[in-house]
Amino acid sequence: MLKKSRVPQSRRVEILSLFQRYTEGLPTLPASALLTFLCKEQMELTANKDTAEDLIDRYEIDEAAVESRCMTFEGFLRYMESKDCCVFNRIHKTVYQDMDQPLTSYFISSSHNTYLTGDQLVGKSHLDAYVSALRKGCRCLEIDCWDGPDAEPVVYHGYTLTTKILFKDVIRTIQQHAFEVSAYPVILSLENHCCEEQQQVMAKYLTSILGDKLLKSPLDHPTTGDLPSPNDLMYKILIKNKKLKSQLRSEDKTEDSADEAEDADDEDEDEDEDEDSFQTKAKFWSSRRTVSKKKKVKVTLHRALSDLVIYTRSVKFISFSHSRDNQNCYENTSMSEKKARKLIKVSGSSFIQHNQRFLSRIYPAGSRTSSSNYNPQEFWSVGAQLGSCHSVCRCTSSSSVSIAHSVALNFQYPGLSMDLNNGRFQDNGGCGYVLKPAVLMSSERSFDPTTSYRYLKPTQLVLKVISGSNLPVIKSRNTLDPFVRVEIHGIAFDSRSKSTHIVKNNSLTPHWDTDMNFSITVPELCLIRFCVRDQMTLFKSEFVGQYTMPFTSLKKGYRWVPLLSRQGYSLDPASLFVLVSY
């Protein structure tokens with residue numbers, strides 16, 4: 001005999017209301033009613049009778065209910081709090097995108113100053129920072145290489161008091177962890193300041209330690225015929241560096257090809273633009289730049305290291321027209337956020353066309369001495385693949401510590417920029433490669449993210465922020481006055497935010513029941529960020545938790561939103577309950 005379902009009146013009353021709406025007075029939910037709920041509310045348009053019965057088998061523990069092919073409230077609640085009802089599309093937790101396009105067709109998770117675990121001036125360099133970045137799916141790592149004692153190259157932030165680690169230990173660490181979470185290629189971006197003798201040592205370590213994982217020659221038959229694809233380069237490590245002019249194929253030589261001896265890295269030139277900012281930041285940084293200018297010398301590239309540069313040869317960016325007429329597909333450019341921002345303002349569409357053919361790396365301004373980051377969304381909107389985050393983990397000793405992490409960012413610096421970066425790259429199975437949307441790849445229609453596209457029919461996103469559950473309480477307080485801010489991050493015309501009202505003294509089960517409407521012109525470029533904050537005073541609120549995801553991974557219907565800490569760790573069981581439609 002089927003027992004009457006026990007309904008906890010004080011817990012998740014919003015879910016209880018849904019349950020009772022479809023039971024129509026009955027104590028349990030029949031499979032047929034559950035199917036109606038799946039199709040009508042959850043927009044699971046492919047659901048059928050078998051789908052409903054499978055959910056009963058998976059989430060119902062009352063044996064009598066299972067035999068009767070129905071669901072008690074406890075089973076329904078278990079289902080509503082499961083991964084099947086998460087706001088993030090479960091299919092996107094696996095690699096589902098076409099991975100046979102050239103590398104230029106993907107956003108690539110990238111880090112800047114990957115070795116650092118703190119700021120750019122006195123922070124520690126640590127091998128764990130590389131482990132952490134790789135475990136977050138990062139596919140482009142930066143290694144700043146300098147001459148060390150006993151002919152052993154070292155890695156650190158030059159002309160500062162950051163600690164030093166051995167280059168060979170960095171390469172061993174990368175060899176061990178490169179493909180733990182993703183099979184797709186890793187790019188090692190070398191900022192090379194070493195003499196020829198120590199460059200030869202670097203080349204020896206790269207070849208001997210990485211072995212068959214190191215790409216040493218071009219592929220015979222790349223899938224695309226241009227740059228190879230992520231599938232072509234699975235389990236391979238690529239070296240990004242300058243390449244000697246004499247080693248270029250004769251048909252590829254141009255008058256402006258790299259000289260035999262040239263500056264160590266384009267970043268040094270771009271950082272000079274920030275001279276005034278350095279001096280105002282700190283006297284230490286100003287003195288560092290003075291020393292840097294005195295010691296900056298031409299670095300002659302050693303042939304052994306040059307030989308290892310295959311598809312990722314670094315060249316100086318001059319102009320879009322120059323790149324169009326002279327740059328080869330296997331050559332890529334790096335530029336500071338300041339320069340990239342100017343180019344977007346002047347010619348966003350030309351930037352997009354440039355990134356359809358070439359890899360571009362955008363790195364944080366040198367004035368970001370605290371390892372803060374720029375907003376990567378503005379550079380994704382023009383198709384930049386390698387946006388670099390400052391990649392610092394707050395680790396101490398254990399190599400198993402993981403952190404939150406392209407446009408290249410400082411992975412060690414938590415906040416909005418890293419939330420967006422992590423949100424973007426949790427897509428496509430967290431493999432570090434996300435296929436750029438068609439709007440950035442079309443050669444027929446010009447797109448400029450700085451322009452208002454009023455002629456396009458916008459997508460209408462309707463969100464109802466219903467409630468929260470088990471929100472973490474800040475140590476200094478016994479309760480919360482929480483509110484939720486929903487942010488849209490996309491092209492400038494689409495970016496906006498809306499907030500719920502404040503609920504007083506309730507961290508366990510706050511209810512907002514707030515409707516929000518967003519008109520989104522280019523949804524395929526948008527990220528949605530749910531942020532819970534605690535209202536401290538009239539003009540001050542504090543961060544409680546957040547969750548960021550691509551619009552294209554957003555599931556319709558009644559969904560729960562997991563919450564993450566400022567450092568990117570799960571705050572389970574803390575969550576939001578929302579209704580999504582578009």
Problem set entry | Qualifying trypsin sites (Lys or Arg not before Pro) for segment 418-459 [loop in DSSP, other Cβ within 10 Å: at most 11] | R445, R454
Seminar exercise, completed: Largest-first ranking of D325, D144 by accessible area, probe 1.4 Å, whole protein assembly kept, is D325, D144
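Can you put R533, R559, R303, R341 in order of accessible area, largest first, using a 1.4 Å probe?
Working: R533 40, R559 0, R303 120, R341 90 Å².
From most accessible down to least: R303, R341, R533, R559.
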Problem set entry | segment 44-103 - percent relative contact order, Cα under 8 Å, separation 6 or more | 22
Exercise. Separation of segment 148-212 and segment 503-581 by C-alpha centroid, Å?
Worked result: 40
Seminar exercise, completed: Karplus-derived 3J(HN,Hα) from phi for segment 340-356 (6.51 cos²θ - 1.76 cosθ + 1.60, θ = phi - 60°), whole Hz, x at Gly and Pro, runs 4, 5, 5, 5, 4, 5, 7, 7, x, 5, 5, 5, 4, 5, 4, 6, 6
For this session: Return the distance in nm (one decimal) between the two label points of a simple spin-label model at L219 and T552, each offset 7 Å from Cα along Cα→Cβ.
Result: 2.1
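Taking all protein chains in place and a 1.4 Å probe, what share, in percent, of the accessible surface of segment 203-242 do carbon and sulfur account for? Intermediate results must be reported in sequence, preceding the final value.
Values: 910 of 1840 Å².
Carbon-and-sulfur percentage of accessible area, whole number: 49.
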Seminar exercise, completed: Residue by residue through segment 479-488, the couplings from Karplus 6.51 cos²θ - 1.76 cosθ + 1.60 with θ = phi - 60°, in Hz, x for Gly and Pro, are 8, 10, 10, x, 9, 10, 10, 9, 10, 9
Exercise. Label 7 Å along Cα→Cβ of N505; segment 471-485 residues with amide nitrogen under 18 Å?
Worked result: 471, 473-474, 476-483
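Looking only at Cα atoms, what is the convex hull volume of segment 72-150 per residue, in Å³?
Numbers: hull volume 14.8 nm³, N = 79.
So the per-residue Cα hull volume is 187 Å³.
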For this session: For segment 70-202, give the percent of accessible area contributed by carbon and sulfur heavy atoms, probe 1.4 Å, rounded to a whole number.
Result: 48
Exercise. Excluding ligands, DNA and RNA, what is the solvent-accessible area per residue of segment 1-139 at a probe of 1.4 Å, expressed in Å²?
Worked result: 45
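What is the packing order of peptides 494-500, 91-97, taking the mean over residues of other C-beta atoms within 10 Å and listing the highest first? Working shown, then result.
Values: 494-500: 17.4, 91-97: 14.7.
My ranking of the peptides, most packed first, is 494-500, 91-97.
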For this session: Identify, among L463, S476, T451, the residue whose Cα sits farthest towards the positive end of the charge dipole of segment 446-530, taking +1 on the Cβ of Lys and Arg and -1 on the Cβ of Asp and Glu, with the dipole about the Cα centre.
Result: S476
For this session: Express in whole angstrom the spacing between the alpha-carbon centres of segment 55-101 and segment 298-312.
Result: 52
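Taking R0 as 60 Å, what's the FRET efficiency between R90 and E197 from their Cβ-Cβ distance, rounded to 0.05? Don't jump to the answer; show the numbers that get you there.
Working: r = 53 Å, r/R0 = 0.88.
The calculated FRET efficiency here is 0.70.
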Exercise. Per-residue HN-Hα couplings for segment 66-83, Karplus 6.51 cos²θ - 1.76 cosθ + 1.60 at θ = phi - 60°, whole Hz, x for Gly and Pro?
Worked result: 4, 5, 7, 6, 9, 10, 7, 5, 4, x, 5, 5, 4, 5, 5, 9, 8, 5
Seminar exercise, completed: For S467, the residues 5 or more places away or on another chain with a placed amide H closer than 5 Å to its own amide H are W512, D513, F577
For this session: Highest first, please rank the peptides 183-193, 163-173 by the mean number of other Cβ atoms sitting within 10 Å of their residues.
Result: 183-193, 163-173
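Given a 1.4 angstrom probe, I'd like the percentage of the accessible area of segment 454-528 that is carbon and sulfur, rounded to a whole number. Don't skip to the end; give the middle numbers.
On the way: 1740 of 3510 Å².
Answer for segment 454-528: carbon and sulfur cover 50 percent of the accessible area.
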For this session: List every residue whose amide H lies under 5 Å from the amide H of K240, counting only residues 5 or more places away in sequence or on a different chain, with H placed 1.01 Å from N in the peptide plane.
Result: L188, S189, L190
Seminar exercise, completed: Taking Cα pairs closer than 8 Å and at least 6 residues apart, the relative contact order of segment 54-147 in percent is 19
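Once R0 is set to 60 Å, what does the formula 1/(1 + (r/R0)^6) return for the Cβ-Cβ distance between F543 and T51, expressed as a FRET efficiency to the nearest 0.05?
E between F543 and T51, to the nearest 0.05, is 0.95.
The values are calculated or read from the model by the stated rules, or taken from the named source; none is laboratory data. Predicted model only: the values in this text are computed from it and were never measured. With ideal geometry, Cβ positions are generated from the backbone for all residues, glycine too; neighbour counts draw on all protein chains shown. What goes into the accessible areas is simple: the full protein's heavy atoms, side chains included, and nothing from ligands, DNA or RNA. Shrake-Rupley method; radii C 1.70, N 1.55, O 1.52, S 1.80 Å.
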